[in-house]
Amino acid sequence: MLYKNREKFESIGRFVGKKMSGVPVTPNQWTLISFLLSILSAYFIIMGRFAEASAVFALAALSDMVDGSVARYRNSAVPKGAFYDTVVDRYVEFIVIVSLMASGLPPFFIGANLWITALLFGSIMTTFVRAAAMRELGIEVKGGLVERGERMILLFLGILSASFNVMYLVYFIALLAVLTNVSALQRISASVKRSG
């Protein structure tokens, strides 16, 4: 749903791009930094150090925003860079979500790892349906209850909340598991309707 406020975020992106363009780091290097920070965040999650994990995760998200903003500000945005960024985004999300499985979270009606698996599947399917609709139907489908931006915000809040009570993180995971799969179903439905 954040895509509906794209203009607002583009102005923030321009501001960030302007401020960070003076730093001698290329957009692809910012993408790599985001990837490396996600690994560090995953380490902290596995160790149960959720305050540190959320702080590093926030830095990874900031680095992810900076790469595209700097590329656009420097007029150096190219399809290969966008492809690289998109692929790394999927790795970042996967690494952080999978690390939750190793953190020994308590159950909530069902085992936490089942919720995490459902979240991972919903996240993958939301992205996959968009790619499949474009490739097979020639339709660009967006939207749904939670896209990547919303998933990352809710995941960050969940990890942060675990520093107060680990059960809060499990609630966030369960919520995201439901919302991501609903989002995938919304995109499937929209694709079928638009294809005639």
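Structure notes:
- Considered as a group, the residues in segment 144-167 that are small (G, A, S) and under 26 Å from E52 (Cβ atoms) include one that is surrounded by the fewest Cβ atoms within 10 Å (Cβ to Cβ), and that residue is G149.
- Selected residue [buried (at least 16 other Cβ atoms within 10 Å of the Cβ) and touching a residue at least 60 places away in the same chain (Cβ under 8 Å)] from V170, V141: V170
- Picking from residues in segment 179-196 that are in contact (Cβ under 8 Å) with a residue 40 or more places away in the chain and among the hydroxyl-bearing types (S, T, Y), the one that is surrounded by the fewest Cβ atoms within 10 Å (Cβ to Cβ) is S195.
- The numbered conditions (1) in a helix (DSSP H, G or I); (2) within 25 Å of A55 (Cα to Cα); (3) of a type outside the set (S, T, N, Q); (4) under 19 Å from the mean Cα position of the chain (by Cα) are all true for R130 except (2).
- Of all residues in segment 141-196, those satisfying the criterion of being of a type in the set (K, R), out of contact with any Gly (no Cβ under 7 Å at 6 or more places or on another chain) and outside any loop (DSSP other than H, G, I, E, B) are R148, R151, K193, R194.
- Helices (runs of 4 or more DSSP H) wholly inside segment 1-103 containing at least 2 residues that are out of contact with any Lys or Arg (no Cβ under 6 Å at 6 or more places or on another chain) and at pLDDT 90 or above: 27-46, 50-73, 79-101
- The residues in segment 104-119 that are assigned to a helix (DSSP H, G or I) and among the β-branched types (V, I, T) can be counted, and the count is 2.
The values are calculated or read from the model by the stated rules, or taken from the named source; none is laboratory data. Given the structure is predicted, the values throughout are model-derived calculations rather than measurements. We place every Cβ from the backbone using ideal geometry, glycine too, and count neighbours over all the protein chains shown.
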